[in-house]
Structures are given as C-alpha cells and as structure tokens.
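Here the structure comes first, spelled out in structure tokens, and everything after it is commentary.
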Amino acid sequence: MKVLLIMPQVSEHVFRPGTPPPLSLLSLAAVLREAGHEPIVLDLNLLKPEGTVEHNEFCVLSALKAIADCQPGMVGINCFTAARFPFIRRLADSIKQNHPSLPIVIGGMHPTLFYREILEHCQSIDAISIGEGERQIVALAEVFKFRSSRIGAGLQHIDALAFRDLDGQIICNPRKNYIMDLDGLPGLEWDLICFDDYYADHSLWHNPRKLKINMSIPIYTSRSCPFDCNFCASHNLMGRGLRLRSPIKVVDEMEMLYQKHGQNYFGFIDDNLVLRKDHIITICNEIIRRGMNIQFESSVGFHINSLDEEIIDAMVRAGCTYFILPIEHGNEKIRNEIIGKKLSREKIVEVVEICKRYDVLTGTSCIMGFPEDTNETLDETFSLLNELKLDIVTVVNLIPFPGTKIFDQAVREKLFFDNIDIGSLWDGTWIMDAKEGHFYIKPYRMSLDELMVFRNKFDL
C-alpha cells in the first residue's frame, strides 16, 4: 500500500530554503518499506508559492495534487509544534473534503500531549500516534490496506495509539514499551529525498577543515533522556532512560552519506550525545579510522557533566567544530535545585577552558524568567557569561511548554502574565514564542519592567 508522509512547512508565510531533511519521516518510511509498503515523502518546506497564491493554500493544493497523483491508502502528517497545528487541521479538512474515506494519522509532540482534545474537535483526523511511531505506522498501514475496513475498525490492538472507535468514542491505547533495539530498525530511506533541495549557503560557518558545506545532515545515535529538567517535555515523546544505537551502525550511516551522497557535515540531534563515554569515543575513533574528512556539531548541545578532555579531544580530531554548552543559568540554586541540572560552576569553567584550547567555536544557551529569578540571580548569569567569554551566547526567555514541570507550576500558581485559556491550547492558535522579548511567567520577586531591563542587557 502507498503511504503519503507529509512534513508541514516551518514558516507559515515565507519560503525558507535550508531547512533540514525530515528525519522522522525518513525513519517511518524505512519501516513501511521494510514491511512491504510504498512510502512517499512530501516535504512542504521545499515548496515555493507561485504567483499570488497564499503560502498555506499553495501547500494544501500541493498536498491534494500529491494525493491525486499517488493514490495513497493512508496519509501521515508530522506535527511537532503547536504552531503548525492550525495548518495541519486545515490540511486534514481539505483532504477529507476531497477524499472522505482516506485515513489521516498525525504524530509528534503536540498531538501526543493533546490527543483527546484534537480527536474531540477535529473529525478529519482519524488517529494519533503517541510518542515514537515506527511500530504504529506499520500497524496502521496493515489495517488500512484493506480499504473495505471502516476507519476506526481494527485499531484496538495497536499500542500508543489514540483514535475514535466505530461508535465515535475516543480510545487511547497505552504504550507497552519503547523500541529498545534501535539497531533493529532499518536504515533511513535517504533515497526518498533529493539532497540538492536542502542545500543552502553555509560560507559563514566555522569551517577549520575548509570543506564545501552544502547542508547539515541530521543524524541520531540515541533516543530518550534520563534527566528531568523542569523546562523540557521531551520525555512525553521518547520516554525516560537512554536507548543507544551501535556506534558502528551510526558511522556506517555517516559513511554511506559521505561516500554515496557526498555529504560532509552532520548535526547530531541527540539529547545526550556524550552521556556514555564509551559510546561517543567509539563513534569518534571509527570516523577517524575510516578516514572520513567530515565535520559535525550537536544541534542541542553537549551534556557538560559528561565532558572531559579525552572526549573533547576525540571529538575535535573526528571533526567536531562547535561545542554548545547548555549552562542554562548562572545562579547555582536555580540551575541545580529549580531546573535540575546538577551542574557545578567549577565544572562549567573547567569544560570551557578545555574547549578553548582547541580550534572550535564555543557557545552556550541560558534561560531567563524563571519564577524564582531575581535581579541578583540574573546578574549572576550576566557575570558568568562575561567571565566565560564564549564565542556565541544565547539567552532566551523561559517558555513554559505544556508537558513540562514549569508549565504545571505556572498553572498551579497562576503565574502567567497573559490570560491563557488552558483548555484551548490544543488548537494551536495561542502560541508561546519568546520573540520580541515576550515573557509568559511572572517571577515572584521581579516586575515585567525589571525583566525587560535584563532582556535588553543580554541583547547588547
């Protein structure tokens, strides 16, 4: 059976070249193909509107054309953030209007958190995969390949799936387990994309090996996170713990992309790339052993407590060009007791000093605007950043994403600056975005004006 997998556009109004390939869809495509189905990937980020057609409308029309052309037996749509849900809802409605019997399934962080509300209000969406979805997408394809089956029938035995049964009742089958053997998954279906479509200008990137960088290839070596930071919701999608791919399998994939497709820059998307020392050291040594002239970084940064000179040296020799060190906050109590980092100031300084001995960029990410923040705690962040003298410093306003401890705290203690209808967060029309200095949570002992003083100070 043909299955159309759709990646919504990142930006609602503007064509944005240079977005990364849809790794999640390539993984779903791989398991579908292994099971005997025919996946088709449609990345709406690659579409440039023609004439005066509104961008979202152009994307909807393009998806409808793809459906007419390939005649799939099921459509799967990625929905990672709330910001994309209004478009996805519009897209699902348009598909149903034109193809009433075509099953539509969505997955990702946002529908994982709000599956019940979405199924209650969006009749065009037939099922929602909860968390990682490789097993679910194959099981759904097996059910829907018999087009005589009514949507809603045969889904009761698929775990981690929410759907409406034949009586219209919303059912959510609990997850029994996560995929522990990541090496058992087939390799990603890279042949379903054209690499040239994702090329962009990277001439300003730090490039010590003087390579021609056309794109950053996303790649993962692990899933899940054993930590419990109060601003993070990733455990809702991938669970707790740490599930590892074999280092050899990881480098096999990188070498294939390097040799067959000419790709030389990689962006690891792991939450915890360096948590297991033997794991990252083996990956680096294998890259070096195979003579791969590549460069890489981690898009989410490195767990600072896990870094030491041996790891940093191996990573730089293998091609790491940029060390993002997520310090999060300059105040010890907020960083460790509130956020939950368990990261000492001494360890931060030690790792930064080691990194500066190598030809790499150093950067950090910090967060301001916790309920416990004061003028004094934010001064500590400012002072620490000035002392460290990193190449790139990013200080963002706290965003209390649903599914996080900080969101629950803000709801429980009524800390939101804005009037937020918690019951309507599912529809994606109210988006939490820290652009233009917006703050969502009231600190206990700071005013909005005082927060803005520090916002301007960090922006200088």
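The values are calculated or read from the model by the stated rules, or taken from the named source; none is laboratory data. Keep in mind that this is a model prediction, so the values were computed, not measured. Here the Cβ is made from the backbone with ideal geometry for all residues, glycine too, and neighbour counts use every protein chain on show. To get the accessible areas, we keep the full protein, side chains included, count just its heavy atoms, and leave off ligands, DNA and RNA. Shrake-Rupley method; radii C 1.70, N 1.55, O 1.52, S 1.80 Å.
On average over all directions, what projected area in square nanometres does the chain have, based on the convex hull of its Cα atoms? It would help to have the intermediate numbers written out before the result.
Numbers: hull surface 89.1 nm².
Projected over every direction and averaged, the Cα hull of the chain covers 22.3 nm².
How far apart, in nm, are two points set 7 Å out from the Cα along the Cα-to-Cβ line at Asn293 and at Glu350?
Reported label-point gap for Asn293 and Glu350 is 3.7 nm.
Let me make sure I get this right: for the range 101-179, a, b and c are the square roots of the gyration tensor eigenvalues over alpha carbons, sorted descending. Under 1.5 in a/c it's rounded, otherwise prolate if a/b > b/c, else oblate. Which is it?
Working: a/c = 1.60, a/b = 1.12, b/c = 1.43.
Oblate, since a/c reaches 1.5 and b/c is not below a/b.
Distance between Cα centroids, the range 272-333 to the range 48-67: provide it in whole Å.
41
Roughly what would the spin-label model give for Asn419 and Glu50, points 7 Å off Cα along C-beta, in nm?
Those two pseudo-labels are separated by 4.6 nm.
Tell me, what HN-Hα J-couplings in whole Hz come from the Karplus equation 6.51 cos²θ - 1.76 cosθ + 1.60 at θ = phi - 60° for each residue of the range 40-46, using x for Gly and Pro?
So the Karplus estimates, Gly and Pro as x, are 10, 9, 10, 9, 5, 5, 8 Hz.
Through the Karplus equation 6.51 cos²θ - 1.76 cosθ + 1.60, θ set to phi - 60°, convert the phi angles of the range 56-61 into ³J(HN,Hα) values in whole Hz; use x for Gly and Pro.
4, 5, 4, 5, 4, 4
Looking at the square roots a ≥ b ≥ c of the eigenvalues of the Cα gyration tensor of the range 199-348, which shape do they give, rounded for a/c under 1.5, prolate if a/b is larger than b/c, or oblate?
Working: a/c = 1.85, a/b = 1.65, b/c = 1.12.
Since a/c reaches 1.5 and a/b is larger than b/c, the shape of the range 199-348 is classed as prolate.
From a point 7 Å beyond the Cα of Tyr444 in the direction of its Cβ, which residues of the range 321-355 have a backbone N at a distance under 17 Å?
Residues 331-340 qualify, since their backbone N sits under 17 Å from the label point.
How charged is the neighbourhood of Met446? Take every other residue with its Cβ under 13 Å from the Cβ of Met446, and add Lys/Arg as +1 and Asp/Glu as -1. The partial results should precede the final answer.
On the way: positive: Lys442, Arg445, Arg455; negative: Glu372, Asp373, Glu376, Asp379, Asp449, Glu450.
Once positives and negatives cancel, what remains is -3.
Out of all DSSP beta bridges with both ends in the chain, state the antiparallel percent to the nearest 5.
20
Subtracting the Cα-Cα distance from 0.36 nm times the residue separation, let me have the gained length for Asp278 to Leu460 in nm, one decimal.
Details: separation 182, 0.36 × 182 = 65.52 nm, distance 4.04 nm.
61.5 nm is the gain from fully extending Asp278 to Leu460.
For the range 1-136, just say rounded, prolate or oblate: build the C-alpha gyration tensor, square-root its eigenvalues into a ≥ b ≥ c, call rounded for a/c under 1.5, and beyond that prolate if a/b exceeds b/c, oblate if not.
Since a/c stays below 1.5, the shape of the range 1-136 is classed as rounded.
In whole Å, how far is the Cα centre of the range 76-149 from that of the range 220-238?
23
Give the percent of DSSP beta bridges with both residues in the range 137-292 that are antiparallel, rounded to the nearest 5. Could you put the intermediate results ahead of the total?
Working: 6 of 10 bridges.
Antiparallel bridges make up about 60 percent of those DSSP assigns within the range 137-292.
Please report, in debye to the nearest 20, how large the charge dipole of the chain is about its Cα centre when each Lys and Arg carries +1 at its beta carbon and each Asp and Glu carries -1 there. Mind showing how you got there, number by number?
Values: 48 positive and 62 negative charges, 147 e Å.
Rounded to the nearest 20 debye, it is 700 debye.
Using a 4.7 Å Cβ cut-off, which Cys residues in the chain lack a partner cysteine?
Cys59, Cys70, Cys79, Cys122, Cys172, Cys194, Cys225, Cys284, Cys320, Cys355, Cys366
Can you tell me the accessible area per residue over the range 22-177, all protein chains present, probe 1.4 angstrom, in square angstrom?
In whole numbers, the range 22-177 has 42 Å² accessible per residue.
With the crude spin-label approximation of a point 7 Å out along Cα→Cβ, what separation in nm comes out for Lys333 versus Arg33?
Between Lys333 and Arg33, the label points sit 5.5 nm apart.
How would Val411, Val453 line up by accessible area, probe 1.4 Å, largest first?
Val453, Val411
Output ³J(HN,Hα) for the range 445-452: one whole-Hz value per residue in order, computed from phi by the Karplus curve 6.51 cos²θ - 1.76 cosθ + 1.60 with θ = phi - 60°, and x for Gly and Pro.
10, 9, 8, 4, 4, 5, 4, 5
Select from Ala162, Gly133, Ile193 the residue farthest towards the positive end of the dipole of the range 120-193; place +1 on Cβ of Lys and Arg, -1 on Cβ of Asp and Glu, and compute about the Cα centre.
Ala162
Let me have the 222 nm mean residue ellipticity of the chain computed from DSSP H runs of 4+ only, each contributing -39500 (n - 2.57), with the sum over all residues rounded to the nearest 500. Mind dumping the intermediate values first?
Working: 14 runs with 153 residues, N = 460.
One gets -10000 deg cm²/dmol as the mean residue ellipticity at 222 nm.
Just order 287-296, 319-328, 358-367 by mean Cβ neighbour count inside 10 Å, highest at the front, would you?
On the way: 287-296: 16.2, 319-328: 22.3, 358-367: 18.2.
With the highest mean Cβ count within 10 Å placed first, the list reads 319-328, 358-367, 287-296.
If you take every DSSP beta bridge fully contained in the range 216-355, what fraction is antiparallel? Give it as a percent rounded to 5.
Antiparallel bridges make up about 15 percent of those DSSP assigns within the range 216-355.
Taking H as built 1.01 Å from N, whose amide H comes closer than 5 Å to the amide H of Val41, not counting residues under 5 places away?
It is Leu5, by chain and number.
Test of understanding: what is the full-extension gain from Asp93 to Glu372, defined as 0.36 nm times their sequence separation minus their Cα-Cα distance?
Working: separation 279, 0.36 × 279 = 100.44 nm, distance 4.35 nm.
This chain segment gains 96.1 nm when fully extended.
Considering only the other residues whose Cβ falls under 12 Å of the Cβ of Glu132, what net charge follows from Lys and Arg at +1 and Asp and Glu at -1?
On the way: positive: Arg135, Arg175, Arg223, Arg243; negative: Glu134, Asp159.
Charge balance near Glu132 sits at +2.
Scan around Phe417 for amide H atoms under 5 Å from its own, H built in the peptide plane at 1.01 Å from N, and keep only partners 5 or more places away or cross-chain.
For Phe417, the qualifying residues are Ile441, Lys442.
Test of understanding: what is the full-extension gain from Trp430 to Val453, defined as 0.36 nm times their sequence separation minus their Cα-Cα distance?
On the way: separation 23, 0.36 × 23 = 8.28 nm, distance 2.58 nm.
Length gained between Trp430 and Val453: 5.7 nm.
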